[in-house]
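Take a look at the structure set out below.
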Amino acid sequence: MNFLEFRKIRSRLVFWFLLTSFLPLLVSMVVFYISRQRVNDLNAFEKLVSIRDLKVAQVNKWLDERTGDMNLLAGTDEIRELAAVGLNKVPSAGTTAKINIASGLLKRSLTYYNDYKNIFIIDANTGQVLVSAREEIKGKNMLQEVYFTQAMQKNNLYISPIVRSKTTHEPEMYFSIPVYGLENTSEPFGILVAQINLNVSL
């Protein structure tokens, strides 16, 4: 009988001993797990922030490159000499040659730079496409297009938001900038427009 009672006390002692031994270990494991989860969450957040900053830097670099392209193209003599050309004027051999030279420049730009889907110049007076890398839109009226009106109003580079085309229902984005003649630098004779190829850009 005494032996049985001794065994009960011993069992209790062993139980409490094990409990007091493993309880701190269990608490430590729980604390370690929670801390580890917080570290993982923090690392994941930092990675997302790094990715966001990288994407922002890439977009800003891309915008700077496209802005540089527009300023460079608008400042070329081949484009600026078009000031003497207008759809409302009688075509001559000289004006036709200027149009062909400018058209060739736009076509080469479209060939060498995959970021663009089309590049064209809109006459500031008529709103019609004066020169285009893609001939199918030459003479088309763009007077109501936002990229034309905004560039004329701002008298500066305009970058359109990405919107869906009313005709193709595909996303579109445009850069547009006023272009000035070699002699008259106070008023633009046209608007240089670049349609972005969103399939390969951004």
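The values are calculated or read from the model by the stated rules, or taken from the named source; none is laboratory data. Remember, it's a predicted structure, so these values are computed and weren't measured experimentally. Cβ sites come from the backbone with ideal geometry, for glycine too, and all protein chains shown count toward neighbours.
Gly86 satisfies every condition listed in (1) modelled with pLDDT of 75 or more; (2) assigned by TED's automatic domain parsing to the domain that holds Glu187 except (1). Just so you know, in region 49-82 the residues that are of a type in the set (Gly, Ala, Ser) and at pLDDT 85 or above include one that is nearest to Ser176 (Cα to Cα), and it is Ala74. Close Cβ contacts (under 9 Å, 6 or more residues apart or on different chains) running from residues in region 135-155 that are within 23 Å of Gly104 (Cβ to Cβ) to residues that are assigned to a helix (DSSP H, G or I) and modelled with pLDDT of 90 or more comprise Glu135/Ser103; Lys138/Ser103; Met142/Phe148.
A Cβ distance below 6 Å, combined with a sequence gap of six or more or placement on separate chains, defines the contacts here; from region 100-114, residues that are under 14 Å from Met70 (Cα atoms) reach residues that are in a helix (DSSP H, G or I) in the pairs Leu105/Glu78. Any residue at all in region 107-117 that's within 20 Å of Thr76 (Cβ to Cβ), touching a Ser or Thr at 6+ places or on another chain (Cβ under 6 Å), in the same structural domain as Val85 (by TED's automatic domain parsing) and of a type outside the set (Val, Ile, Thr)? Yes, region 107-117 has at least one match.
Residues checked against (1) over 23 Å from the mean Cα position of the chain (by Cα); (2) among the β-branched types (Val, Ile, Thr); (3) within 18 Å of Lys117 (Cβ to Cβ):
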| residue | (1), (2), (3) |
| --- | --- |
| Val131 | yes, yes, yes |
| Lys138 | yes, no, yes |
| Thr149 | no, yes, no |
| Ile162 | no, yes, yes |
| Thr167 | no, yes, yes |
| Pro171 | no, no, yes |
| Gly181 | yes, no, no |
| Asn184 | yes, no, no |
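Every residue in region 19-48 that is basic (Lys, Arg) and at pLDDT below 70, please. Within region 19-48, Lys47 is the sole residue that qualifies. One residue stands out among those in region 92-119 that are out of contact with any strand residue (DSSP E or B) (no Cβ under 7 Å at 6 or more places or on another chain) and surrounded by 13 or more Cβ atoms within 10 Å (Cβ to Cβ): the one that is farthest from Val179 (Cα to Cα), which is Tyr113. Kindly check whether there is at least one residue in region 146-168 that is among the aliphatic types (A, V, I, L, M), farther than 21 Å from Leu63 by Cα and at pLDDT below 95. Scanning region 146-168 turns up no residue that is among the aliphatic types (A, V, I, L, M), farther than 21 Å from Leu63 by Cα and at pLDDT below 95. Which one is nearest to Thr126 (Cα to Cα), of the residues in region 161-202 that are loosely packed, with under 14 Cβ neighbours inside 10 Å and of a type in the set (Val, Ile, Thr)? The extreme case among them is Thr185. Restricting attention to region 186-202, which residues are of a type in the set (A, V, I, L, M) and either part of a loop (DSSP other than H, G, I, E, B) or over 25 Å from the mean Cα position of the chain (by Cα) (or both)? Within region 186-202, Leu198, Val200, Leu202 qualify.
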